[in-house]
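One structure is given below, encoded as structure tokens.
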Amino acid sequence: MKPWAKDVFGYLFDPVSAEDFFAQYHERKALVSKHQDRNRYRDLLSIDRIDELVSSINFQPGSLDMTRADPPVNREDYTFNSGAIDRGAVARQFQQGATLILPQLHEVDATLADFCRALESRLSCHVQTNIYLTPPDAQGFKTHYDDHDVFVLQVSGSKSWRLYDTPVDKPFRGEGFRSGDHEIGDPVEEFVLEAGDCAYVPRGLMHDALTHGDEASLHITVGLIVKTWADLMLEVISEVALRHPEFRQSLPVGFARPDFDMESVRPHFKQLVSTFAKEADLDEAFHIYVDNFIQSRLPSTPGRIANFKTPTDPDVRYRLRENTPWRLAEDGEEIVIITSGGEIRFPAKAEPGLHTLLDGGEISLATFANLEKKDQQATIGRLFAFGLAEPV
């Protein structure tokens with residue numbers, strides 16, 4: 001079993017518990033976890049793996065980037081005129097101090113994808129990875145803050161970090177750092193991340209980092225792309241507007257003119273606010289967000305093609321696949337499992353067996369003895385094919 005499968009926060013922050021992390025640090029302040037285990041994150045990635053990918057994959061524009069704080073690197077410095085990545089130029093820029101970035105590598109790397117699924121299962125937010133390989137005595141970015149929380153996993157080498165103030169508390173997605181808008185000031189905390197260490201940096205906290213020592217630094221930045229209460233409220237008001245046409249009425253004619261009378265619209269605005277307060281339905285909007293999140297996850301289906309005959313074997317028992325998102329619903333005469341990628345539909349008679357699986361039990365074809373044989377195989381076949389169930 002992968003070390004992050006059962007306790008992903010222990011993997012990141014041990015001995016700080018998940019409960020302590022959420023109570024004391026999450027969206028509040030940075031956390032640095034020192035582990036004294038240089039190989040702790042080697043199962044996720046390595047410099048040799050990066051070298052293999054860069055030398056063998058035809059990276060598309062945007063799937064490989066390079067940066068350097070000073071002097072800056074331009075995209076044409078490591079691409080051909082066609083926009084394709086020039087592997088030789090990438091290697092040369094790296095020799096000259098540029099940081100190699102592989103954004104969203106979890107989308108093509110099964111190990112990183114599995115790690116992200118473990119975090120998504122715990123957090124209920126989109127989790128992404130950006131990989132940063134920085135040569136010795138080099139700095140990729142100047143001081144900045146991110147518009148999303150990050151976990152920084154130091155895989156190899158080491159990096160010196162400096163943390164500053166938080167000029168924007170919990171910035172919106174897209175409310176990125178703009179140089180010159182905020183005074184940097186002096187660092188409020190400094191530390192070195194060694195191989196096997198992990199840091200949590202909440203969004204809005206200004207920071208910078210520089211390779212430490214004479215070894216290249218490889219770290220994984222894990223970004224947490226969350227939904228906020230503001231996002232949910234926008235969904236709620238959209239649902240209210242579907243039921244009340246006065247919300248869909250256009251703004252008054254001439255509202256942008258200098259002589260427009262603002263006082264004339266205040267009563268109507270207050271009436272809309274009152275209607276919203278009375279009609280707002282948390283449950284409806286919340287379930288929309290739940291279903292949208294679950295269905296937006298990519299299903300994990302290794303072995304489903306090679307072992308396509310497995311669901312026809314009456315001796316095979318199945319359990320719920322670890323970290324698979326789901327929600328059970330009814331739709332007329334069918335039972336629906338909302339899961340990664342969409343919906344899976346089953347006959348109503350399959351419900352007891354589905355509950356057994358979803359509640360943590362084991363199932364087999366015999367579990368669905370109240371169905372005809374072809375429906376038994378179809379039920380197991382769907383659960384297996386879409387990655388919900390895996391053989392014990």
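The values are calculated or read from the model by the stated rules, or taken from the named source; none is laboratory data. Remember, it's a predicted structure, so these values are computed and weren't measured experimentally. Reconstructed Cβ throughout: ideal geometry from the backbone, glycine too, with neighbour counts over all protein chains shown.
Just checking, does region 256-268 include any residue being in contact with an Asp or Glu (Cβ under 7 Å, 6 or more places away or on another chain) and not acidic (Asp, Glu)? No; the residues of region 256-268 include none that is in contact with an Asp or Glu (Cβ under 7 Å, 6 or more places away or on another chain) and not acidic (Asp, Glu). Of the listed requirements (1) under 19 Å from the mean Cα position of the chain (by Cα); (2) under 20 Å from residue 98 (Cβ atoms), residue 161 misses just one: (1).
The residue that is surrounded by the most Cβ atoms within 10 Å (Cβ to Cβ), counting only those in region 103-119 that are among the acidic types (Asp, Glu) and assigned to a helix (DSSP H, G or I), is 114.
Condition check ((1) closer than 20 Å to residue 120 by Cα; (2) in contact (Cβ under 8 Å) with a residue 12 or more places away in the chain; (3) not assigned by TED's automatic domain parsing to the domain that holds residue 110) across all residues:
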position	(1), (2), (3)
250	no, no, yes
256	no, no, yes
276	no, yes, yes
305	no, no, yes
322	yes, yes, yes
337	yes, yes, yes
341	yes, yes, yes
344	no, yes, yes
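Candidates in region 359-390 are the residues that are surrounded by fewer than 18 Cβ atoms within 10 Å (Cβ to Cβ) and under 27 Å from the mean Cα position of the chain (by Cα); of these, the one that is farthest from residue 328 (Cα to Cα) is 385. Residue-level check: of (1) farther than 30 Å from residue 120 by Cα; (2) without any contact (Cβ under 8 Å) to a residue 12 or more places away in the chain; (3) out of contact with any Leu (no Cβ under 9 Å at 6 or more places or on another chain), residue 283 misses just (1).
Only residues that are among the basic types (Lys, Arg) and surrounded by 15 or more Cβ atoms within 10 Å (Cβ to Cβ) were counted in region 171-190, giving 0. Within this structure, residue 304 fails the test of being basic (Lys, Arg), touching a strand residue (DSSP E or B) at 6+ places or on another chain (Cβ under 8 Å) and either surrounded by 12 or more Cβ atoms within 10 Å (Cβ to Cβ) or part of a helix (DSSP H, G or I) (or both). Only one of the numbered conditions (1) touching an Asp or Glu at 6+ places or on another chain (Cβ under 8 Å); (2) within 27 Å of residue 42 (Cβ to Cβ) is violated by residue 171, and that is (2). In region 237-260, what count of residues is obtained for those that are of a type outside the set (Gly, Ala, Ser), within 17 Å of residue 271 (Cα to Cα) and assigned to a loop (DSSP other than H, G, I, E, B)? The number of residues fulfilling the criteria is 4.
Checking each residue in region 149-176 for being outside any strand (DSSP E or B) and either under 16 Å from residue 214 (Cα atoms) or among the aliphatic types (A, V, I, L, M) (or both) picks out 157, 168. Restricting to region 182-222, name every residue that is in contact with an Asp or Glu (Cβ under 9 Å, 6 or more places away or on another chain), more than 28 Å from residue 22 (Cβ to Cβ) and among the hydroxyl-bearing types (Ser, Thr, Tyr). Scanning region 182-222 gives a single hit, 211. Might you check whether a residue that is among the β-branched types (Val, Ile, Thr), within 22 Å of residue 194 (Cα to Cα) and not in a loop (DSSP other than H, G, I, E, B) occurs anywhere in region 138-148? No: region 138-148 contains no residue that is among the β-branched types (Val, Ile, Thr), within 22 Å of residue 194 (Cα to Cα) and not in a loop (DSSP other than H, G, I, E, B). Of all residues assigned to region 194-205, none qualifies as being assigned to a loop (DSSP other than H, G, I, E, B), at pLDDT below 95 and more than 22 Å from residue 11 (Cα to Cα). For region 348-357, the count of residues that are in contact with an Asp or Glu (Cβ under 7 Å, 6 or more places away or on another chain) and surrounded by fewer than 16 Cβ atoms within 10 Å (Cβ to Cβ) is at least one.
With respect to (1) part of a loop (DSSP other than H, G, I, E, B); (2) within 30 Å of residue 364 (Cβ to Cβ); (3) not β-branched (Val, Ile, Thr), the lone exception for residue 295 is condition (1). Among the residues making up region 307-324, a single one is within 29 Å of the chain's Cα centre (by Cα), at pLDDT 95 or above and either of a type in the set (D, E, K, R) or part of a loop (DSSP other than H, G, I, E, B) (or both): 319.
Flag not set for residue 344, criterion: touching a Lys or Arg at 6+ places or on another chain (Cβ under 8 Å), farther than 23 Å from residue 298 by Cβ and not in a loop (DSSP other than H, G, I, E, B). Every condition in (1) under 29 Å from the mean Cα position of the chain (by Cα); (2) surrounded by fewer than 11 Cβ atoms within 10 Å (Cβ to Cβ); (3) of a type in the set (Gly, Ala, Ser) is met by residue 296 except one, and the failing one is (2). Residue 283: over 20 Å from residue 368 (Cβ atoms), assigned to a loop (DSSP other than H, G, I, E, B), charged (D, E, K, R) and outside the structural domain of residue 111 (by TED's automatic domain parsing), yes or no? No: the conditions fail for residue 283.
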